[in-house]
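Trainee: Dropping a structure here in structure tokens format, bear with me for questions.
Values quoted throughout were computed directly from the atomic coordinates according to the rules given, and no laboratory measurement underlies them. Predicted model, so just to flag it, every value in this text is computed and none were measured. All Cβ positions, glycine included, derive from the backbone under ideal geometry; neighbour counts span all protein chains shown.
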Amino acid sequence: MISAILFATALCSVLLSEGATLPSSRSLKQFAVQPTFPFCRCTDYESTSNPYSLSMTYNEVLISNFAGHSDFCFTFKYKGPKANSSACYQDLATRLYKVQFEIQPACPAAVDVYGPNVTINGELIESASLSTYAAGSLLKITNLPFTSSNVASYKLCMRVAYPCSTPENLFSQIPIKYDVEESGAHRCCSVSYLDV
């Protein structure tokens, strides 16, 4: 609770210094760090609100027994319209803005060796970042150009150094825990799982 108050105070200070109006207590609570993945307060966490299925391939390149890297690549597939779907299902079908993966606490440095090196169809993107919380670590990829109509044409890849170069060593658990969001507003945070 104290950390949430401190965060809210810091957020208010930044907003006021930039000439913004003070946000309501409701909007401050929205950004409070939560103790479980995805570590933020959202309106909808349901996996049934995720309109995409995710698949992964990875290629491990060992230089020696204790050095090397892996390229983890992900593709999304739109599941199609769904009767009685949630508002978040519909919003995510319109725009998939962010994907986050929960990674092992020891792995941010291994991800950051390469920048982090995250590409879409081979083009380096600038919107990948790492965050570490008391309860875990995240690899966030934002500002994605994905929609239900184009998502199948994209491949999202990331390069990760040894010793986090296998799914078991990189991700917090298997099946891999991830979430998809429709914006940066922390409204739809559909937490889903990918078996490998």
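Trainee: Given 4 °C and 1.567 mPa s, compute D for segment 36-194 with the Stokes-Einstein relation, Rh being the Kirkwood radius over Cα pairs; round to the nearest whole µm²/s.
Mentor: Details: Rh = 15.8 Å.
D, rounded to a whole number, is 82 µm²/s.
Trainee: Among Asp44, Asp195, Asp71, rank each residue by its count of other Cβ atoms within 10 Å, from fewest to most, as a rough exposure measure. Display every interim value, and only then the final one.
Mentor: Values: Asp44 20, Asp195 8, Asp71 17.
The order, fewest Cβ neighbours first, is Asp195, Asp71, Asp44.
Trainee: So for segment 145-196, averaging the separation of alpha carbon pairs under 8 Å that are six or more residues apart and normalising by length, what relative contact order in percent results? Could the numbers behind the result be given before it?
Mentor: Values: 39 pairs, mean separation 12.8, N = 52.
Reported relative contact order: 25 percent.
Trainee: What is the set of long-range amide H partners of Ser190 at a cut-off below 5 Å, with H atoms built 1.01 Å from backbone N?
Mentor: Val180
Trainee: Related question: At 7 Å along the Cα-to-beta-carbon direction for both Thr43 and Thr132, put a label point, then send me their distance in nm to one decimal.
Mentor: Going from the Thr43 label point to the Thr132 one covers 3.4 nm.
Trainee: Near the amide H of Gly68, under 5 Å away, which other amide H atoms are found, from residues 5 or more places off or on another chain, if H is placed in the peptide plane?
Mentor: Excluding prolines and chain starts, which carry no amide H, the hits are Ile63, Tyr162.
Trainee: Go through 137-148, 87-98, 111-122 and give me the packing order, highest mean Cβ count within 10 Å leading.
Mentor: Working: 137-148: 18.3, 87-98: 20.0, 111-122: 15.9.
Output ranking for 137-148, 87-98, 111-122: 87-98, 137-148, 111-122.
Trainee: Treating cross-link reach as a plain straight distance, find the lysines whose alpha-carbon is under 24 Å from the alpha-carbon of Lys155, omitting any fewer than eight places away in the same chain.
Mentor: Lys77, Lys79, Lys98, Lys140, Lys177
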